[in-house]
Amino acid sequence: MPRAMEGPVTETLPAVSTYQQFIGGSFVDAASGETIDVENPATGQVIAKVPGSAAEDVDRAVNAAEQAY
């Protein structure tokens, strides 16, 4: 009968996904290029990165929406 693997097993962590904001029909980074880590509240592990949007990004989104309308 085969025996279970003995000794330490290296834990493999999933890749962290990086997301963009959708402005004017395109996915774009924050104007500053800044990102914010999203953490799993149960473990504190970073599970994603999202744009660190600021006023300039809001202005870009509003201008794109006005042009689309």
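Data for the structure
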{"quantity": "Any pair with Cβ under 6 angstrom, 6 or more apart, that starts in the range 35-49 at a residue that is more than 12 Å from residue 17 (Cβ to Cβ) and of a type in the set (A, V, I, L, M) and ends at one that is part of a loop (DSSP other than H, G, I, E, B) and modelled with pLDDT of 95 or more", "calculated": "36/52"}
{"quantity": "Pair list, Cβ under 6 Å, 6 or more apart: the range 50-69 residue at pLDDT 95 or above and aliphatic (A, V, I, L, M), other residue open to solvent by 70 Å² or more (accessible area, probe 1.4 Å) and outside any loop (DSSP other than H, G, I, E, B)", "calculated": "50/36"}
{"quantity": "Residue that is most open to solvent (accessible area, probe 1.4 Å) [pool: residues in the range 23-56 that are in contact with an Asp or Glu (Cβ under 9 Å, 6 or more places away or on another chain) and under 23 Å from residue 69 (Cβ atoms)]", "calculated": "53"}
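The values are calculated or read from the model by the stated rules, or taken from the named source; none is laboratory data. None of these values were measured; they are calculated from a predicted model. All Cβ positions, glycine included, derive from the backbone under ideal geometry; neighbour counts span all protein chains shown. These area figures cover heavy atoms from the full protein model, side chains too; ligands, DNA and RNA do not enter into them. Shrake-Rupley method; radii C 1.70, N 1.55, O 1.52, S 1.80 Å.
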